[in-house]
Amino acid sequence: MAQAPGLKLVPTPGQTIGPFYGYALPFEKDNELASQANPNSVRLHGVITDGNGEVIPDALLEIWQADEHGKVVSRDGSLVRDGYTFTGWGRVAVDNVGHYTFTTVNPGPTEEGKAPFIMLTVFARGLLNRLFTRIYLPEDTEALANDPLLASLSEAERSTLIATREQDGSLRFDIRLQGENETVFLSYPRES
């Protein structure tokens, strides 16, 4: 289709999460970035809620992250889960009580002194565009204090981006879409 000279087209808004097509979503072991048998595997889990604190039973979450050495995986075939290869990417549909679980590894820093984190994307009904945020590991307090993104936030906002380490070693990260204790979401100019 030809465009009229001088006419600038404006992008249309993104679409909501559905409809899903069963042949494409979900896929086998979509939430397993690492095998549960991997001695370095860790469970990342939490609950997603709306502005009223009600669980969202039909959200879809995706994560991307570096491996435990801080290396970003760049291999083709991340949809193929062979049980051995760390993929660096995963997707999960939450259950009917808004809970999600990934099996992954603790990411390492991608640069010396940087705070390791996991990128998270949220798709849900009523969202015209997906939401982006980060999940920081709680242990390296010096790296967290020096992180430029975290340093730009208030203490209350910072706390919404830092996971809690549970007694069994799991990471707990709850997501709140609006309201009190709303998770900080990031804006990427080329994505808006």
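The table below gives the values:
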read-out: Filtered residues of the range 80-108 (kept if within 17 Å of residue 68 (Cβ to Cβ), surrounded by fewer than 17 Cβ atoms within 10 Å (Cβ to Cβ) and modelled with pLDDT of 95 or more); value: 108
read-out: Pick from the range 143-192, criterion open to solvent by 70 Å² or more (accessible area, probe 1.4 Å) and of a type in the set (Asp, Glu), ranking: farthest from residue 108 (Cα to Cα); value: 180
read-out: Subset of the range 11-59 (residues that are among the aliphatic types (A, V, I, L, M), more than 19 Å from the chain's Cα centre (by Cα) and at pLDDT below 65); value: 24
read-out: In the range 63-79, residue farthest from the chain's Cα centre (by Cα) [restricted to those that are at pLDDT 90 or above and open to solvent by 20 Å² or more (accessible area, probe 1.4 Å)]; value: 69
read-out: Residue 128 of a type outside the set (D, E, K, R), out of contact with any strand residue (DSSP E or B) (no Cβ under 8 Å at 6 or more places or on another chain) and open to solvent by 80 Å² or more (accessible area, probe 1.4 Å); value: yes
read-out: Residues that are modelled with pLDDT of 95 or more and open to solvent by 50 Å² or more (accessible area, probe 1.4 Å), drawn from the range 110-120; value: 117
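The values are calculated or read from the model by the stated rules, or taken from the named source; none is laboratory data. Predicted, not measured: the structure shown is a model, and the values here were computed from it. Heads up, the Cβs are rebuilt from the backbone with ideal geometry, glycines too, and the neighbour counts pull from every protein chain shown. When the accessible area is computed, the model is the full protein with side chains, heavy atoms only, and any ligands, DNA or RNA have been set aside. Shrake-Rupley method; radii C 1.70, N 1.55, O 1.52, S 1.80 Å.
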